[in-house]
Amino acid sequence: MRDFLQAMASSSAERAAEARRREPEAALRRRARGAEPAPPLRLHPAGFDLIAEIKHRSPSAGRLAPRSTPADIAARAAAYARGGAAAVSVLTEPDAFGGALEHLEAAARELPVPTLRKDFLVDPYQLLEARVAGAGGVLLVLRILEDARARELLDAAGELGLFVLLEAFDEEDLHRAAALVPPDAPGAILIGVNSRNLSDLTSETARHARLSQAIPPGRRRVAESGIADAADVRRAVRDGYDLALVGQALMCAPDPEALVAQLVAAGRAEAGAP
């Protein structure tokens, strides 16, 4: 997966360069400044929240859902919100995940919770794209970013009012996150641990428990990958996580709204347990 991540980063840089050729950054920045504010990220005092994801394909599982119209995507995002999701993550990477910025726009339209642009973002231009599309947050994968570029993207997110899910895979990533995001750093920054094994793309949920205590203090913790049911959510809460990001299970569920509600209820019950 290390090669996969680098391939995704290279493709992302090419997409950003092509988009910049179509629309200069100054023009896109003006549009971003004039965009309607996104709903703020509101986390529940009970101690657990869910980020529900829309993705049509994944490298590990293949196609998860048939091609969707904008109306289909908007309806799914609305169902997630009705179920109690605090935010809706939308894949915009086109090649491996079948995503598009148009999917983000469709989900964000009139949604009462913020959307998160999930992609392999490497250029501040792409954060402007996210804001214009209606996003309230972005995913940043530390593994593909040098420290200087990560700081640049974090600063850009702050300027645009975007919350950040800063994604780590191991202790080294988390040490870097601690240096990049000290406890007094401004902005809404969540720290995520992705349980994917970087060699074979399988999910190793034991990684969540092992890495939980290495997460920088003062930040909400997000368990990513391998969360499929209420038992997984309860385990993540016991391991010290405040949120979970769930995609594949929801995309395959016959009633995603009901599954969101079930996962949220399980997490909050566990968080409130003595």
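The values are calculated or read from the model by the stated rules, or taken from the named source; none is laboratory data. Just so it is clear, the structure is predicted and the values come from calculations on it, not from any experiment. Cβ placement follows ideal geometry from the backbone for every residue including glycine, while neighbour counts extend to all protein chains displayed.
Quick one: would you say Gly134 is at positive phi, in contact with a helix residue (DSSP H, G or I) (Cβ under 7 Å, 6 or more places away or on another chain) and surrounded by 16 or more Cβ atoms within 10 Å (Cβ to Cβ)? In short, yes. Taking the numbered list (1) within 27 Å of Gly187 (Cβ to Cβ); (2) hydrophobic (A, V, I, L, M, F, W, C); (3) in contact with a strand residue (DSSP E or B) (Cβ under 7 Å, 6 or more places away or on another chain) in turn, Ala46 passes all entries but (3).
Determine whether Gly47 is surrounded by 19 or more Cβ atoms within 10 Å (Cβ to Cβ), in contact (Cβ under 8 Å) with a residue 12 or more places away in the chain and in a loop (DSSP other than H, G, I, E, B). Against the criterion (surrounded by 19 or more Cβ atoms within 10 Å (Cβ to Cβ), in contact (Cβ under 8 Å) with a residue 12 or more places away in the chain and in a loop (DSSP other than H, G, I, E, B)), Gly47 does not qualify.
In the set Arg15, Arg22, Arg42, Arg30, only one residue is of a type in the set (D, E, K, R) and within 19 Å of the chain's Cα centre (by Cα); that residue is Arg42.
All conditions in (1) without any contact (Cβ under 8 Å) to a residue 60 or more places away in the chain; (2) within 18 Å of the chain's Cα centre (by Cα) hold for Glu152, with the sole exception of (2).
With respect to the conditions (1) more than 20 Å from the chain's Cα centre (by Cα); (2) at pLDDT 95 or above; (3) farther than 16 Å from Ala52 by Cα; (4) charged (D, E, K, R), Arg176 lacks only one, and its number is (1). For segment 56-77, the condition holds for at least one residue, the condition being that it is buried (at least 21 other Cβ atoms within 10 Å of the Cβ), in contact with a helix residue (DSSP H, G or I) (Cβ under 6 Å, 6 or more places away or on another chain) and hydrophobic (A, V, I, L, M, F, W, C).
Screening segment 55-79 for residues that are in contact with a Leu (Cβ under 7 Å, 6 or more places away or on another chain) and in contact (Cβ under 8 Å) with a residue 40 or more places away in the chain and picking the one that is farthest from Ala130 (Cα to Cα) gives Ser60. For first residues located in segment 27-41 and more than 14 Å from Val138 (Cα to Cα) and touching a residue at least 60 places away in the same chain (Cβ under 8 Å), partners that are part of a helix (DSSP H, G or I) and among the aliphatic types (A, V, I, L, M) and lie 6+ apart or on another chain with Cβ distances below 7 Å form the pairs Leu28/Leu128; Leu28/Val132; Arg29/Leu128; Arg31/Val132; Ala32/Leu128; Ala32/Val132; Ala32/Leu160; Ala35/Val132. Selection over segment 165-182 of residues that are among the basic types (Lys, Arg) and outside any helix (DSSP H, G or I) gives a count of 0. For first residues located in segment 1-21 and in contact (Cβ under 8 Å) with a residue 24 or more places away in the chain and surrounded by 11 or more Cβ atoms within 10 Å (Cβ to Cβ), partners that are assigned to a helix (DSSP H, G or I) and of a type outside the set (A, V, I, L, M) and lie 6+ apart or on another chain with Cβ distances below 6 Å form the pairs Leu5/Arg143; Ala16/Tyr125; Ala16/Gln126; Arg20/Tyr125. Among the residues of segment 188-244, those identified as β-branched (Val, Ile, Thr) and either touching a residue at least 60 places away in the same chain (Cβ under 8 Å) or farther than 30 Å from Glu159 by Cα (or both) are Thr202, Thr205, Val222, Ile227, Val233, Val237.
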